[in-house]
Amino acid sequence: MRHPLALLALTLTCLASPEDIRPEERRKFAQPAEAERAALHKSIKDYMALDPAEVKAHPAAADFPGAVNSKARVTRTVSYDPDLLHRWDTKAGNAPNLATGPDAWQETGLYAAPGETVVIDAAALPEGRTVHVIVGCHRDSLLRLDDWKRFPIITRSFELKTGKNKVANAFGGQLFIHVRGREAGQPGKTSARLAFANAVEMPTYVLGKDTPQSWAKSRGAPAPWGTLVGRAAILHVRSEDLAKMADPKALLEWWDKCLSLEDDLVALRRLAPERVVPDRQISAGYMHSGYPFMCWIKPSAAEMIDLGKLTKQGNWGFFHELGHNHQRRDWTFDGQVEVTCNFFSLYLMEKLVGLPTGQGHGSMKDLDALLRRRFGEPENKGPFEQLGTFVLLIRAHGWEPLRATLRSYADEPGPKGKEEQQSSFVERYGRFSKSDVSDYFVKLGYHVGDSTRAKLASLPKFRPALPSPQSK
């Protein structure tokens, strides 16, 4: 039975208007019972879809994502690439197909103050495209969660028309340009422009363009959030943290190297950077993949920019989520979504951080124990138990056969159908490792067809020494 005070709080929650919803990090907002949520959710969505002329700053905006502590506003013309429709080359199916769809936001270096109208003049728009301006990087909706530590929706998107456009967000946020449309053109070959008025200058560092001197000026800009822009990664960072950073160059070079290694493992041709956004509360998990890749401010925001710790220890969670963004269905089978993404974690822990093969996470310390559980009675197909079976392959053959196998799908996608896909993976790995791994993969539960067995039959049999199975 609920305590009377809890019932009173629940009643107040049900009656709350959007402006009455003011959650804080230590004072969460509890949603009403499931049957009573529809009306509340509709009111929130309607509030976040108000015409810009009706928008004013939400009372909770100053708490998160933060207030603009200056009345200074700027007018600036921003160039963008009208052909940048996808983050990845889609040739031969080389596109994201597990964690995220194609997407790319383009930087403006500008911020919208909470409740204020930003005027965007589009003298012309690219033919065959729709151009949106997104206000806010914290795109996770929290509506399906029971408790909120911030307002559940704090970003908005506006489709631009030729001429003057008005955009506004009760919570403010970074301003991005997002192009959608038909497949055409070569990214970076053409450019277009938008003129922004009544915007806030935002701390922005672009690798290869900015210097310690230009950064010293930019990092004091009044927006509460800023961006560090690398070639393969963009980091969204609170301005209070950026103010302490003398030169982001080495940090962004580390992140670029991280992404270049992940891309290399699967021969991915990147057209635009990944984007990492720390949030007070996210929609799922400790972190989650996608565009942007989302993580909690505590503890991940500090870890994201701690170059000393990243260099010495890496970060399994960051590597893992970015690994999800690189997965393909061609080689990720039932029960393996949380397994094959860790190929990238293992690869970076060894190649970037310098740890021994198969290390980097506490659960990977004892390979024999993992294998005993994996092949025990009953079989344990937990993510680390399954990953251990690939560590065994890597220790036997090195990284190159697995790397070559994964890269082969960039030019030669797998066949249709699970059994055919599994046989194709086994055949490719066997060919690159110069060993007959048929029996081993059958033991792992893969289908290995007669054709694959015939192709690998002349190669030396892979017969690893496995620890005695663990049984109950």
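Among the residues of the stretch 35-45, count how many are under 13 Å from residue 151 (Cα atoms) and either among the aliphatic types (A, V, I, L, M) or in contact (Cβ under 8 Å) with a residue 60 or more places away in the chain (or both).
Within the stretch 35-45, residues that are under 13 Å from residue 151 (Cα atoms) and either among the aliphatic types (A, V, I, L, M) or in contact (Cβ under 8 Å) with a residue 60 or more places away in the chain (or both) number 4.
Determine if the stretch 233-242 includes at least one residue that is crowded, with 19+ Cβ neighbours inside 10 Å and polar (S, T, N, Q).
Within the stretch 233-242, one or more residues are crowded, with 19+ Cβ neighbours inside 10 Å and polar (S, T, N, Q).
State all residues of the stretch 243-301 that are modelled with pLDDT of 95 or more and on the phi > 0 side of the Ramachandran plot; if no residue qualifies, say none.
Across the stretch 243-301, there are no qualifying residues.
Can you find a residue in the stretch 45-62 that is modelled with pLDDT of 95 or more, under 25 Å from the mean Cα position of the chain (by Cα), crowded, with 18+ Cβ neighbours inside 10 Å and not basic (Lys, Arg)?
Of all residues in the stretch 45-62, those modelled with pLDDT of 95 or more come to 45-62.
Then drop every residue that is not under 25 Å from the mean Cα position of the chain (by Cα), which leaves 45, 48, 61.
After this cut, where a residue has to be crowded, with 18+ Cβ neighbours inside 10 Å as well, the list is 48, 61.
Filter once more, keeping what is not basic (Lys, Arg): 48, 61.
So far as the stretch 45-62 goes, yes, one or more of its residues are modelled with pLDDT of 95 or more, under 25 Å from the mean Cα position of the chain (by Cα), crowded, with 18+ Cβ neighbours inside 10 Å and not basic (Lys, Arg).
Quick one: how many residues across the stretch 339-356 are out of contact with any Leu (no Cβ under 8 Å at 6 or more places or on another chain), under 13 Å from residue 394 (Cα atoms) and either hydroxyl-bearing (Ser, Thr, Tyr) or loosely packed, with under 15 Cβ neighbours inside 10 Å (or both)?
Looking only at the stretch 339-356, we keep the residues that are out of contact with any Leu (no Cβ under 8 Å at 6 or more places or on another chain), and these are 340-341, 345, 350, 353-356.
Of the ones still in play, those that are also under 13 Å from residue 394 (Cα atoms) are 350, 356.
If we keep only those that are either hydroxyl-bearing (Ser, Thr, Tyr) or loosely packed, with under 15 Cβ neighbours inside 10 Å (or both) too, we end up with 356.
Matching residues across the stretch 339-356 total 1.
Within the set of pairs 6+ apart or on separate chains, which have a first residue in the stretch 46-66 that is within 22 Å of residue 165 (Cβ to Cβ), a second that is surrounded by fewer than 18 Cβ atoms within 10 Å (Cβ to Cβ) and modelled with pLDDT of 95 or more, and C-beta atoms under 6 Å apart?
52/117; 52/166; 55/115; 56/115; 57/115
Among the candidates 428, 463, 407, which residue alone is assigned to a helix (DSSP H, G or I) and open to solvent by 50 Å² or more (accessible area, probe 1.4 Å)? Even if it seems obvious, please write down each step before you answer.
On the way: 428 fails: open to solvent by 50 Å² or more (accessible area, probe 1.4 Å); 463 fails: assigned to a helix (DSSP H, G or I).
Just one listed residue meets the conditions, 407.
Conditions (1) at pLDDT below 95; (2) outside any loop (DSSP other than H, G, I, E, B); (3) crowded, with 20+ Cβ neighbours inside 10 Å, marked per residue:
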position	(1), (2), (3)
387	no, yes, yes
403	no, yes, no
413	yes, no, no
416	yes, no, no
422	no, yes, yes
432	no, yes, no
452	no, yes, yes
467	yes, no, no
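Only one of (1) closer than 26 Å to residue 279 by Cα; (2) in contact (Cβ under 8 Å) with a residue 24 or more places away in the chain; (3) open to solvent by less than 50 Å² (accessible area, probe 1.4 Å) is not met by residue 32, so which one is it?
That leaves (2) as the condition not met.
Any idea which residue in the stretch 191-222 is least open to solvent (accessible area, probe 1.4 Å), counting only those that are within 19 Å of residue 178 (Cβ to Cβ) and assigned to a loop (DSSP other than H, G, I, E, B)?
202
Would it be correct to say that residue 167 is modelled with pLDDT of 95 or more and closer than 20 Å to residue 51 by Cα?
Working: modelled with pLDDT of 95 or more: yes; closer than 20 Å to residue 51 by Cα: yes.
Spelling it out, residue 167 is indeed modelled with pLDDT of 95 or more and closer than 20 Å to residue 51 by Cα.
Restricting the stretch 98-132 to residues that are of a type in the set (Ser, Thr, Tyr) and at pLDDT below 95, which is least open to solvent (accessible area, probe 1.4 Å)?
So the first thing to find is which residues in the stretch 98-132 are of a type in the set (Ser, Thr, Tyr), and the list is 100, 108, 111, 117, 130.
Add one more test, that the residue is at pLDDT below 95, and what stays is 100, 130.
Working: 100: 25, 130: 50 Å².
In this case the residue turns out to be 100.
The values are calculated or read from the model by the stated rules, or taken from the named source; none is laboratory data. Computed from a prediction, not measured in an experiment: that's the story for all the values here. Here Cβ is always computed from backbone atoms with ideal geometry, including for glycine, and neighbour counts include all displayed protein chains. Ligands, DNA and RNA are stripped out before the accessible areas are found, and what is left, the full protein with its side chains, is counted by its heavy atoms. Shrake-Rupley method; radii C 1.70, N 1.55, O 1.52, S 1.80 Å.
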